[in-house]
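Below is one structure, written out as structure tokens; comments come after it.
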Amino acid sequence: MANVSEVATSSQQIGRRLSEALLAPGVKRAQLQQQIAGLARQEQLDVQRAQAITPPGPLRDEHQAVIQALQYRVSGLTGLASALAATAATKDVSRAASMLAAQMQRPLASDVIWDDSFRAPSQAELKLQGITGTNDQGGPLVPDSNFLQNAELATTSAMTPVLEKLRGAATTTTGGLRGTSLVSTKVLPSGKELSTSTTNDIVISTDLAFQVTVENSGTAQVLSVPVTLRIELSKSTITKKATIDFLNPGETKVVTFRGITITDVSTPATLKVEVTPVAGESNTSNNSADYPVIFSVG
């Protein structure tokens with residue numbers, strides 16, 4: 001019998017595959033409908049696995065919240081597949097995108113139900129009973145499960161390029177320009193933009209962070225864009241990684257790297273930022289930057 005952690009992981013993976021299917025280049029409408037319908041069937045299996053779990057008495061309501069969240073995900077996937085079929089002949093792309101976004105609101109709501117009606121009260125109940133530790137796989141006793149990796153997927157603006165791609169619009173065909181670029185890197189909390197040509201003096205603080213802005217410089221929607229920040233100090237190297245779920249053409253997004261502890265001060269160091277090139281990207285000269293820095297204690 002599956003446990004809640006296994007169901008949570010399975011459902012989250014289905015959500016990730018949904019994002020990949022929606023943003024995949026060259027996909028056809030019938031193919032996408034079939035993929036999403038298949039994901040709905042897989043998610044229904046997660047509902048059945050959750051229903052087969054016998055929860056502890058104090059967590060019966062929280063267990064019902066898990067089932068409800070999963071059912072919202074099934075409903076959203078089923079509705080999305082139906083909406084794709086219903087909008088096939090619709091000429092108004094904005095209206096059609098709105099119909100798709102309305103279906104995406106259901107899995108978005110499922111994440112709220114999971115967090116507010118299952119995860120938070122379950123954590124509170126376990127704390128009340130003095131239960132701590134990890135599950136059998138070493139993860140948290142109360143698992144998280146974010147179906148939509150980015151809430152923006154549930155918006156008309158995100159669904160519009162999906163429909164344009166399905167219709168073969170020039171902005172999203174395989175012949176479209178695919179590329180990303182590093183716009184800027186700022187140090188927080190000061191907000192000062194770093195320079196690649198002069199040494200940047202950075203005062204260490206407890207809330208030290210770096211804010212990286214990335215742009216989709218092409219004409220095609222891109223997804224799963226890795227961003228890496230590396231600080232090469234005299235005695236050590238600090239590496240932080242993040243992923244931007246998707247970028248529409250011309251759109252910019254900000255990634256913030258926190259939790260950075262600097263021990264080497266008053267010596268030259270290099271802060272490197274790289275935006276990993278997406279598939280089909282031809283110009284990679286604007287994907288990375290090296291910033292000379294010196295850290296000091298304020």
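Only the coordinates and a few stated rules stand behind these numbers; no lab work does. Not measured: the values here are computed from a predicted model. So basically every Cβ, Gly included, is an ideal-geometry build from the backbone, and we count neighbours across all protein chains shown.
Note on the chain: the C-alpha convex hull projects to 18.4 nm² when averaged across all orientations. Extension gain for Arg41 to Val254 (0.36 nm times residue separation, less C-alpha to C-alpha distance): 73.2 nm. Note that the stretch 180-297, at 37 °C in a medium of 0.692 mPa s, gets a Stokes-Einstein diffusion coefficient of 224 µm²/s from its Kirkwood radius over C-alpha pairs. Partners of Lys192 within straight-line reach, counting lysines whose Cα lies under 18 Å from its Cα and excluding those fewer than 8 residues away in the same chain: Lys253, Lys272. Our estimate of slack between Ser205 and Ser94, defined as 0.36 nm per intervening residue step minus the Cα-Cα distance, is 35.3 nm. Taking 7 Å steps out from each Cα toward its Cβ at Gln13 and Leu128 produces label points 3.4 nm apart. Note on the stretch 17-50 and the stretch 190-232: Cα centroid distance 34 Å, given to the nearest whole angstrom.
I need the shape label for the stretch 67-222. Rule: rounded when a/c is under 1.5, else prolate if a/b > b/c, else oblate, with a, b, c from the alpha carbon gyration tensor.
Since a/c reaches 1.5 but b/c is at least a/b, the shape of the stretch 67-222 is classed as oblate.
A Förster distance of 22 Å, applied to the separation of the beta-carbon atoms of Asp116 and Ala151, puts the FRET efficiency at 0.90. If you plug the beta carbon distance of Thr196 and Gln137 into 1/(1 + (r/R0)^6) with R0 = 41 Å, you get a FRET efficiency near 0.40.
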